[in-house]
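Visitor: Before anything else, here's the structure in question.
The values are calculated or read from the model by the stated rules, or taken from the named source; none is laboratory data. Keep in mind it's a predicted model, so treat the numbers as computed, not measured. Virtual Cβ from ideal backbone geometry, glycine too; neighbours counted across all protein chains shown. Remember, those area values only see protein heavy atoms, side chains included, never the ligands or the DNA or RNA. Shrake-Rupley method; radii C 1.70, N 1.55, O 1.52, S 1.80 Å.
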Amino acid sequence: MTRNYLIIFLLVALAGCQPKEKADKEAIAKQAQVAERNPVDVIVLKPTVFQKELVSNGRLGALQRSVLKFRTGEALEYLPVHNGSRVKKGATIARLRQYELKQQLEKARLSLDQAKIQMQDVFLTMGYGKTSRSDIPANKLTYARIKSGLATAEIALRQAQYTYNATLLKAPFSGKIANLKYKVFETVTPGDDFCTLINDAVFEVGFSVLETELKEIKLNKEVEILPFLNNAPVKGKISEINPMVEKSGLVKVKARVVNSGSLLDGMNVKVLIRNEVPGKLVVPKSAVLLRQNQEVLFLYKSGEAYWTYVKIEQENSDSYAVVANEDRGATLEPGDTVIISGNLNLAHESNVEIR
């Protein structure tokens, strides 16, 4: 009796499992069917212009830059600027204490006036009291200037004026203040770097190219400047090509770029020089995969993906110019449909569906 109950129990349990097992198999089959769809994006190949890129690294430098210094030493009395301030040509950047030098300047002017009076007395003793200055012989005029002290007084006045003017630091051109290290009331050391004035309206970027690439560049050719800081492109033009190849096989080139407002002196940048190459089959970089150490892409044909070996002729930042790898028996023609996304897990003859 017990044996009969056991058999009945097993039969009931088996019958209960069959519907669940059948449902699981159907779900797996359904998932496999969905997975086999493999949604992809495609493009149709056609001969087009490929943008060949020559890439180099460089550093921005202001076209105008001047390290400003005081020629005399005194306490700093007036400082209307700070680092980053923009000034116009001729504007006062800083002023030293002027009291003592101003007194010396006034004293020099008085000495000059006294010498002029003394010169009149010399003329009288020489018998030229009523003679026009233009009628006095040159040698007599020189004697009177030296005898009266006028020549010395004029030199002293120019020196006093020069020293007085040295208390003012003016902008030789319009630009921005950088590297300012003094504060008001500090004593400035003569000849010490006070600040740097940078004209940041136009920058120059120096970079190098291989001598084999020299044929692809020329004066006034447009370049693209990409700062490492924000990668925002700015247009420029080649301004200088050094007519000498260095031992390393490099040629130095310079380009000028108008500051859009985001460029800074000393900024590291990438320089792109583009040249158009017509009649190429161009695909996005996402279309080409590396399989078995070979470059491949997938062609779309009637709902299936076909593995195709290719060779990369040229490359830029986002695209490849490709041709069929005939050594592997591949073909690639205009009009072929190339899969450009959803291709990472595809195999030859995988079922695919265009999005």
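Visitor: Looking at region 307-328 only, could you name the residues that are in a loop (DSSP other than H, G, I, E, B) and either open to solvent by less than 40 Å² (accessible area, probe 1.4 Å) or without any contact (Cβ under 8 Å) to a residue 12 or more places away in the chain (or both)?
Guide: Asn316, Asn325
Visitor: For Ile238, only one of the following conditions fails: (1) closer than 30 Å to Glu276 by Cβ; (2) of a type in the set (Val, Ile, Thr); (3) open to solvent by 40 Å² or more (accessible area, probe 1.4 Å). What is its number?
Guide: With (1) closer than 30 Å to Glu276 by Cβ; (2) of a type in the set (Val, Ile, Thr); (3) open to solvent by 40 Å² or more (accessible area, probe 1.4 Å) applied to Ile238, the lone miss is (3).
Visitor: Of Tyr162, Tyr143, which residue is open to solvent by 50 Å² or more (accessible area, probe 1.4 Å), over 30 Å from Arg71 (Cβ atoms), in a helix (DSSP H, G or I) and of a type outside the set (Val, Ile, Thr)?
Guide: Of the residues listed, the single one that is open to solvent by 50 Å² or more (accessible area, probe 1.4 Å), over 30 Å from Arg71 (Cβ atoms), in a helix (DSSP H, G or I) and of a type outside the set (Val, Ile, Thr) is Tyr143.
Visitor: For region 84-128: of the residues being touching a residue at least 60 places away in the same chain (Cβ under 8 Å) and open to solvent by less than 20 Å² (accessible area, probe 1.4 Å), which is nearest to Ala160 (Cα to Cα)?
Guide: Leu96
Visitor: Can you go through Asp265, Asp200 and tell me which one is part of a loop (DSSP other than H, G, I, E, B), under 30 Å from Leu76 (Cα atoms), among the charged types (D, E, K, R) and touching a residue at least 24 places away in the same chain (Cβ under 8 Å)?
Guide: Just one listed residue meets the conditions, Asp265.
Visitor: Just need a number here: residues in region 311-355 that are within 18 Å of Leu45 (Cα to Cα), out of contact with any Asp or Glu (no Cβ under 6 Å at 6 or more places or on another chain) and among the hydroxyl-bearing types (Ser, Thr, Tyr).
Guide: Residues that pass the stated criteria total 4.
Visitor: I've got another one for you. Return yes when Leu226 is within 30 Å of Val322 (Cα to Cα), open to solvent by less than 80 Å² (accessible area, probe 1.4 Å), in contact with a helix residue (DSSP H, G or I) (Cβ under 9 Å, 6 or more places away or on another chain) and part of a strand (DSSP E or B) and no when it is not.
Guide: Criteria not met by Leu226.
Visitor: Kindly indicate which of Leu54, Leu63, Leu101 is hydrophobic (A, V, I, L, M, F, W, C) and within 21 Å of Leu180 (Cα to Cα).
Guide: Leu63
Visitor: Looking at region 37-53, is at least one residue of a type in the set (A, V, I, L, M, F, W, C) and closer than 25 Å to Ser239 by Cα?
Guide: No, every residue in region 37-53 fails to be of a type in the set (A, V, I, L, M, F, W, C) and closer than 25 Å to Ser239 by Cα.
Visitor: Now for a different question. Identify the single condition in (1) in contact (Cβ under 8 Å) with a residue 40 or more places away in the chain; (2) touching a helix residue (DSSP H, G or I) at 6+ places or on another chain (Cβ under 8 Å) that Arg145 does not satisfy, given that it satisfies every other one.
Guide: Result: Arg145 passes all but (1).
Visitor: Open to solvent by 30 Å² or more (accessible area, probe 1.4 Å) and within 24 Å of the chain's Cα centre (by Cα): which single residue out of Leu197, Leu272, Leu250 fits that description?
Guide: The match here is Leu250.
Visitor: Here's something else I'd like to know. Are any residues in region 178-192 of a type outside the set (A, V, I, L, M, F, W, C) and either closer than 20 Å to Pro233 by Cβ or surrounded by 14 or more Cβ atoms within 10 Å (Cβ to Cβ) (or both), and if so, which ones?
Guide: Tyr182, the sole residue that qualifies.
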